[in-house]
Amino acid sequence: VVRLRELIEHCLTEEAGGLTPSDVPLAGLDQVALDRLVGGDRDIEDVYPLSPLQQGMLFHALAEPDSGMYVEQIHWRLEGDLDRHALRSAWQGVLDAHPVLRTSFVCDQGDRPLQVVRRGQDVPFEFHDVSGLPESEQEIWLRDLLDADRVRGFDLSAPPL
């Protein structure tokens, strides 16, 4: 009984646990490789290989990082009163509901890239109020913002993408 209590107490500590290969069977990793990949990170939800289509897209994105080949920008003009906290909360709900949006890619784990899904990822959110600018300057400001965003691109190893 004493040993069982010690085991239970150990399992309840923050240091105990972590992913095992049986938690992420599609990754095809042994415990050493899994530990090397996630370390002590408790926010990893899943690890799995890319589909063939994703592998091709990743290959092209890495081969030509400045091409913007797979980057799609969407923007909306919102008019009237805006509850930006509600808007951010809604987008956070979308991120929380869809693991693919919390995924990053790891390419240094053997012969094939892997997807790593994180729990509890914050949605990136920026608010810019340009209502004080003349409408012609608003359009220029928006074009400059979109151009800078496109040039900046994104880091495939840092979610959310």
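Side notes on the structure shown:
- Restricting attention to segment 5-24, the residues that are in a helix (DSSP H, G or I) and farther than 14 Å from ASP41 by Cβ total 9.
- Filtered residues of segment 36-54 (kept if in a helix (DSSP H, G or I) and either among the hydroxyl-bearing types (Ser, Thr, Tyr) or surrounded by 14 or more Cβ atoms within 10 Å (Cβ to Cβ) (or both)): LEU37, VAL38, GLN54
- Of all residues in segment 26-35, those satisfying the criterion of being part of a helix (DSSP H, G or I) and surrounded by 12 or more Cβ atoms within 10 Å (Cβ to Cβ) are ALA27, GLN31, ALA33, LEU34, ASP35.
- Pairs are defined by a Cβ separation below 8 Å, a sequence spacing of at least 6 or placement on different chains, a first member in segment 87-110 that is among the β-branched types (Val, Ile, Thr), and a second member that is assigned to a loop (DSSP other than H, G, I, E, B); the pairs so defined are VAL94/VAL123; THR103/PRO159; THR103/PRO160; THR103/LEU161; VAL106/PRO113; VAL106/SER157.
- In the condition set (1) in contact with a helix residue (DSSP H, G or I) (Cβ under 8 Å, 6 or more places away or on another chain); (2) open to solvent by less than 40 Å² (accessible area, probe 1.4 Å); (3) of a type in the set (S, T, N, Q), GLN92 is compliant with all but (1).
- Taking first residues from segment 35-52 that are within 13 Å of PRO21 (Cβ to Cβ) and partners that are hydrophobic (A, V, I, L, M, F, W, C) and in a strand (DSSP E or B), the Cβ contacts under 6 Å between residues at least 6 apart in sequence or on separate chains come to VAL38/ILE44; ASP46/VAL117; VAL47/LEU114; VAL47/VAL116.
- Test: residue in segment 146-159 that is under 19 Å from VAL47 (Cα atoms), in a loop (DSSP other than H, G, I, E, B) and open to solvent by 80 Å² or more (accessible area, probe 1.4 Å): yes
- Checking each residue in segment 67-119 for being within 28 Å of ARG143 (Cβ to Cβ), at pLDDT 80 or above, among the charged types (D, E, K, R) and not in a helix (DSSP H, G or I) picks out GLU72, GLU79, ASP81, ASP83.
The values are calculated or read from the model by the stated rules, or taken from the named source; none is laboratory data. As the structure is a computational prediction, the values presented were derived from the model and not from experiment. Quick reminder, even Gly has a Cβ in these numbers, built from the backbone with ideal geometry, and neighbours come from all protein chains shown. These accessible areas exclude ligands, DNA and RNA; they are computed on the full protein's heavy atoms, side chains included. Shrake-Rupley method; radii C 1.70, N 1.55, O 1.52, S 1.80 Å.
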